[in-house]
Structures are given as structure tokens and as C-alpha cells.
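Take a look at the structure set out below.
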Amino acid sequence: MVAHLIGVLFDGISYGSLLFLIGVGLAVTLGLMNFVNLAHGAFAMLGGYSTVLVMSRYGVPFFLALPVAFVVSAAVGALLERTLYRRLYRASHLDQVLFSIGLTFMAISAATFVWGPTQQPVRVPSFLQGQVQIFGLDFGAYRLFLIGVVVVITLALGYLVERTRFGAQIRAAVDNQQVSAGLGINVDRIFCLTFALGSGLAGLGGGLGIEVLGLDPTFPLKYIVYFLLVAAVGGAGTISGPLATALILGVFDVAGKYYVPEIGAFVIYALMIVLLILFPSGLFGRRA
Amino acid sequence: MPDDVATRPVRLPDDRWHPLEIVFWLGLVTAFFLFPGYRVLGSQILITGLFAVSLDLILGYAGIVSLGHAAFFGVGAYTAGLLAVYGWGEPITGLFAGAATAAIVGYGTSFLVVRGHDLARLMMTLGIGFLLFEAANKAAFVTGGVDGLSGVVMWKLFGVFTFDFAGRTAYLYSLAVLFILFVVLRRVVASPFGLSLIGIRERSRRIPAIGAPLRQREVAIFTISAAVAGMAGALLAQTTQFVGLDVLSFSRSAEVLIILILGGAGRLYGGLIGAVVYMVAQDILSTYISAAYWRFWIGLLLVAIVLVAHGGILDGATAIYRRLTRGRS
């Protein structure tokens, strides 16, 4: 019983850390640019397909394919930010939603066209398969690895945002764009770089997540609710908000599917509504 | 236009029917005789048009962005469908039952939706949509789940007209319901209540300052909109005698949003024109483009509308019309 509980908790945390990795970029776009980017999942999908492609076609090992996923998604993100997204920063939320739904639809169709509608397989290195025994309990090796990666990335992100000059500029721009621009911060460049970083992390998450989330063309729509929740409930400008939200989501989702499979995804949508009612302005509050 | 406000005395919009409106409705009637082979498609266009009009009430008028409007469409559809399955196939009462349950669900959820800002509303509607979809999916013993609800048997309309496979009754029935609802809604949006909705869309913070209850108005229009969407769903269930799980899907919510934006939001006719253009185009192009790639072009169209052709077909047409009439005088 307790072992079960720990197992569910562990699976939930690894699932949640993946959601955090993908969703944190959306939190930044939402907080910094005030942009509702429903196409965020498409960047994760792009990362996933890049991973599969370089692994199957060029025989690149898994650990080298992941940085490729990051770079490809970040580059495409930066390109789209410069050409399309930036035109809509001041547009209404409706326009942003329509635009990003349009992008999502295009991405889904394009992925179907290139890779077909089926699930893509990924072969993780053999030492990440199977179980690892710790204190007499079995843990999935890949999930442990996942948590490890996300812990490292979270610490790096925390350092970036809290300790570096670039991080200070991001925080300043989230707080007040006009004043930041007035102080000589190149807000335009910050936008582009953070957008690329967020897209890249989503791409990395997409590549890491094939084993857990699967990868098919409907990916961006299937998980958009999760990413949006991480971003909207977590709030922007902090690392801890989205992280806490993602972990809560992950644990509840796994627990729901494990203990009450009859009602399936119902748990997560109910949780979404409850979270939105309890924290209308984000888990740790957010600027108006 | 601000100078219009300054020069003209303040009054309600005039309620006379523009000749173009009469032409539009006569066109829908003549389409029945001109394209007898397309009456089934025609009735679905009318139903989708009604659904888009219901979304226009909250989006185009009150400015509430909804990503889960199919929730109410689906509730209406399942209500009418289930009534017919369990032995009450009378269409008119079924229609009202669909509207009523959708209105109840709409009223209940409206409080969750209107309390937040744009993003929270968006997510709340999205969440409600997914929640109902999942509920219908898991309650397969009632709804039939992914297989859909079959065994819907409709009685004759008014005891006279059978629902035939050629869509004869379906088209005329849908057209009649659409027209009657449209006349009512056209009056509603031109009333002081309707004007206050536009006020909410433009400057919601100032609405309490002129003494109008903001939240109450939003709840009211959200409920009305849900009822109309429910009626559209009930119509679909009755005319096709089947309810698929897709009536509640996110795709349907997104599609109706696209149709409304394509036609032009905030003028009731936008939803209807959008439905005609979208569904006729889909029908013609479906022979050339498979359904999986149709979405690509819809996506491109959306991006183009947002970036270039803001305001949809009706705004474009209005601009051309204004230019033409100005040239004449």
C-alpha cells in the first residue's frame, strides 16, 4: 500500500517535472509578452520529431539527439518570434488565440504529412530501461533520469533568472516593460531570446517525453491544457510557481489514472477548474 | 466612429430590415429549391450558423472569449437525442428541452467564467469543454461513448412531416428555427441590454459607472448564448438522428470560433455567412484535399485573418459596400 503510494508519487513527480520543462516556456511568454500561445505544444512536438529523426536517420545517440531537439525548437521559435509573434504582442487575446490555434493546426497537418498519424517510437539507451532498486523499492530508471535532468535544468534556470544580468533584465521586463526599455534594456532582444529559450526547453521536453507522453501529430492539442495550466496557475517571473503547479498536476493526474481509472482524465479537468477558482491570479499571485 | 456619436442624437439602433437582409433570407429559402441534392448539407450549414450566432452573442457582443462553446452544443444535442431514444421523439419539445438543459449548464458555469480576466475565462471555458467531453466519453452506458448515441427515432414534425433522408424536412425545420431565433436575437442585441453588452466589450470597467450591473449582464448573455447553442445541438441531433461524441469536442469549439471569425464577429450575420462559406468550401475542397490536410489550410487562413484581413468577410464586404455607395452619392 505504502509502496504503491510512493510509486504513484514518484511517477507523478517525474511526469510533473516533464510538464514543468515543457510548460515553463509558456509561463514566460505569458508573463513577459502577455501572449497566450496555444501553439506552445507544437514546439514540444517539433523537438520530439527532431529527436526521432536524427536518431533513426543519422544514428545519432539519444544524448546527442536531445540537444539537437533543443536547438531546432529554439531556432524555429526565434524565427517565428521575429517574423510573426512580435506583430501580435499588442493584439487582443482573441487574436493571439486564433493565430496560435492556426499555427497549431498547421503544425498538426504538417506532422501528419511528413511522419504520418501513428505514434513514433524512440529507443532510449539500455541503462535507462528497466527498474532501479532503492531502499527495496523499484523505480523506473528512465523516470529517475527524467527527474534528474529536470532538477539540473531547474537549478540552471533559477541561477539564470536570479543571479545573472540577463535574468535581472527578464525580471525587469516582466515587471514593467516601458520602464525597462527606458533604462536601456533591449526589451526586443530579451523577448526574442526568452521566446527561443522557452521554445527550446519545450523541444527538449518533447524529446525527453516521447517515452512518457508519446509522440503523434495530435500532441499539441492533447497536452495543451496541461501546459496552459502550468503557465496560468503557476504564474510568470518565478521558477517555483510553474514548478509547484506542474508537480501538483503530475501527481494528481497519475493518482487519478491509477486509483480511479473509470473516470480517467476527468480528475485533471476538475482539478483545473478548482485551481482556477482557488487561484484566479496564479498560485503565488501575479501582477494584474 | 466617435464623430458619429457627437453629431447624432443618442438613440437605439433602428430596427428596420435592410434590403440586403431580406435578400439573404430569401436566398436561404430559394437554396432549398435550387439545390435539392444539397439539402442535408444545407441543414447542417444552418445549424452550424445558429451555433456560430450563439458564440457571437458572447464573443462578438460581450467580448467573452470561449474555447469550449461546444459544451453547450453537446449538452443540447445529448438532451434531445436521449429524449428521443427513451421514447419521447416529439421535435419541438425536444428542442426546448435541449435549450433548457444547455441554459441550466450555461447559467451554472457562467459564474465560473465571468469572474476572471481574459486568460482565466479562456482556460475555464476550455476546462469545462474538456470536462464535459470526458464525462460523456466515460458515461458510455448513457451516451454510447465513442460509438455515439444511436437509436434516435424522431416523431413526425407537427405530426405531419417525416424526417426524410433527403433532408427536406431537416432543411425547412432548421431554417424556420434559425429564422425565429434570429429575429428574437436581432431584437435583443439592438435593445438597451444589447448595447450594454457592447459597452462591456469596449470598456468593461466603465459599465458599473453608468449603473449597469456588469456581472449580471455577462451571466445573462452567457446563459442566453448557451441556450441558443443547446438548441443548435438539439437540431443537429434531431435532423441527423444521431449524436456523436464529437459534438462536445475541442475541434468543434475551435471550428465554430473559426467560422465566426471568418464571417466577422459582432454582427450576428457573420456567423451565418461564415458557416455558409466555410462549409461549402469544405464540401467542394474535400474531393481535392483529404480531411487531415484541410486543417493546414484552415490554420493558414486563421493566421492570415489575424495578420492581414482583420474583421472577416463581413467587415471586408462592408468596406467595399461603403466605398461603392459613397462613390455614387
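Every read-out reported here was derived from the displayed coordinates using simple, explicitly stated rules and does not represent laboratory data. All values derive from a computational prediction rather than experimental measurement. Ideal geometry is used to build each Cβ from the backbone, glycine not excepted, and the neighbour counts take in all protein chains shown.
Longest stretch of chain A clear of exposed loop sites (chymotrypsin sites (Phe, Trp or Tyr not before Pro), DSSP loop, at most 16 other Cβ atoms within 10 Å, sites excluded): A:136-283. Taking each residue as 0.36 nm, the span from B:Ala209 to B:Trp155 lengthens on full extension beyond its C-alpha to C-alpha distance by 14.3 nm. Could you check which residue among B:Val177, B:Val189, B:Val146 shows the biggest mean-square fluctuation in a GNM of chain B with a 10 Å Cα cutoff? So, out of B:Val177, B:Val189, B:Val146, the one fluctuating most is B:Val146. If you take the Cα centroid of region B:114-174 and the Cα centroid of region A:37-107, the two points sit 34 Å apart. Distance from the Cα centroid of region A:218-280 to that of region B:61-94 is 28 Å (rounded to whole angstrom). Scanning chain A for long hydrophobic helices, with DSSP H runs required to stretch 30 angstrom or more by C-alpha along their axis and to average at least 1.6 on the Kyte-Doolittle scale, returns A:2-32, A:62-83, A:141-163. Dipole magnitude for region A:2-278: about 600 debye, using +1 per Lys or Arg Cβ and -1 per Asp or Glu Cβ, origin at the Cα centre.
Modelled this way, with points 7 Å down the Cα-to-C-beta line, the labels at A:Phe127 and B:Thr287 are 6.2 nm from one another. Each stretch of four or more DSSP H residues adds -39500 (n - 2.57); spread over every residue of the protein assembly as shown, this sum gives -24000 deg cm²/dmol at 222 nm. Between A:Phe135 and B:Ile104, the modelled label-to-label distance comes to 5.0 nm, taking each label 7 Å out from Cα in the direction of the beta carbon. Take the Cα of A:Ser56, go 7 Å toward its beta carbon, and the backbone nitrogen atoms of region A:78-111 under 15 Å from that spot belong to A:111. Taking 0.36 nm per residue of separation and subtracting the current Cα-Cα distance, fully stretching the chain between B:Leu195 and B:Thr30 would add 56.1 nm.
Return the loop-located trypsin sites (Lys or Arg not before Pro) in region B:90-170 (DSSP other than H, G, I, E, B) with at most 14 other Cβ atoms within 10 Å of their own Cβ; answer none if there are none. Don't skip to the end; give the middle numbers.
Working: sites: B:Arg115, B:Arg121, B:Lys138, B:Lys156, B:Arg168; in loops: B:Arg115, B:Lys156.
Passing sites in region B:90-170 are B:Lys156.
Computed over chain B with a Gaussian network model linking Cα atoms closer than 10 Å, the most mobile of B:Asp164, B:Asp118, B:Asp14 is B:Asp14. With K and R counted +1 and D and E -1, the other residues having a Cβ less than 12 Å from that of B:Gly316 yield a net charge of +1. When the square roots of the Cα gyration tensor eigenvalues are ordered a ≥ b ≥ c, the ratio a/c for region B:16-328 is under 1.5, which makes its shape rounded.
In the elastic network of chain B, a GNM with C-alpha springs shorter than 10 Å, the most mobile of B:Ile64, B:Ile289, B:Ile92 is B:Ile289. In a DSSP loop and with at most 12 other Cβ atoms within 10 Å, the chymotrypsin sites (Phe, Trp or Tyr not before Pro) in region B:73-111 are B:Tyr86.
Projecting the Cα positions of A:Gly182, A:Ala255, A:Asn37 onto the charge dipole of chain A (unit charges on Cβ atoms of Lys, Arg, Asp and Glu, taken about the Cα centre) puts A:Gly182 furthest along the positive direction. To test your reading of the geometry: what angle, between 0 and 90 degrees and rounded to tens, separates the Cα axis of helix B:70-85 from the longest principal axis of chain B? It is inclined by approximately 30 degrees. Spin-label pair A:Thr83-A:Arg165: with each label point 7 Å from Cα along the Cα-Cβ axis, the two points sit 3.2 nm from one another. Seen against the Cα atoms of chain B and their longest principal axis, helix B:312-328 is set at about 40 degrees. Taking Cα atoms only, the orientation of helix B:192-202 departs from the longest principal axis of chain B by about 80 degrees. Listed by chain and number, the lysines whose C-alpha is less than 19 Å from the C-alpha of A:Lys222, apart from same-chain residues fewer than 8 away, are A:Lys257, B:Lys138.
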